[in-house]
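First comes the structure, then the notes that go with it.
The values are calculated or read from the model by the stated rules, or taken from the named source; none is laboratory data. Everything quoted here is computed from the prediction, not taken from an experiment. Positions of Cβ are generated from backbone atoms using ideal geometry, with glycine treated the same way; all protein chains shown enter the neighbour counts.
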Amino acid sequence: MAMRHDQQGIRKGAVQAEEVAGAVLGWLAGEPDMLSRFLALSGMQPNQLRGAVDDPQFLAGMIDFLMAHEPTLMAFCEATGTKPEAVAAASHHYSGPGFGSGDA
């Protein structure tokens with residue numbers, strides 16, 4: 001029974017991470033200055049975005065872009081009604097445990 005509960009939790013976490021990633025992409029699309037900054041830092045071209053949205057590494061990088069700059073994270077959270085903890089959980093989902101997180 002615990003295994004089934006764990007699988008449901010993992011699926012729920014994946015769905016929530018996808019929702020956050022979609023919200024981040026939508027927010028960036030509506031913020032030309034932020035989108036330009038993200039593209040410059042990631043080395044991506046605007047025409048590459050559409051093909052990258054299904055790439056977990058791209059999603060991780062996009063979420064990490066928010067996590068790396070608290071004012072940007074807070075602007076996103078305020079604009080979308082997303083809790084910072086949800087962004088952190090999505091980051092964890094796509095990037096895995098961070099160094100020193102205590103997670104294995």
Residue check: is Met34 modelled with pLDDT under 85 and on the phi < 0 side of the Ramachandran plot?
-> no
Being aliphatic (A, V, I, L, M) and surrounded by fewer than 18 Cβ atoms within 10 Å (Cβ to Cβ) is the filter here, so list the residues in the stretch 68-85 that pass it.
-> Ala68, Met74, Ala75, Ala79
If you check every pair at least six apart or on different chains, which have Cβ atoms under 7 Å apart with a residue in the stretch 71-97 that is over 13 Å from Ala17 (Cβ atoms) first and a residue that is of a type in the set (D, E, K, R) and at pLDDT 95 or above second?
-> Cys77/Lys83
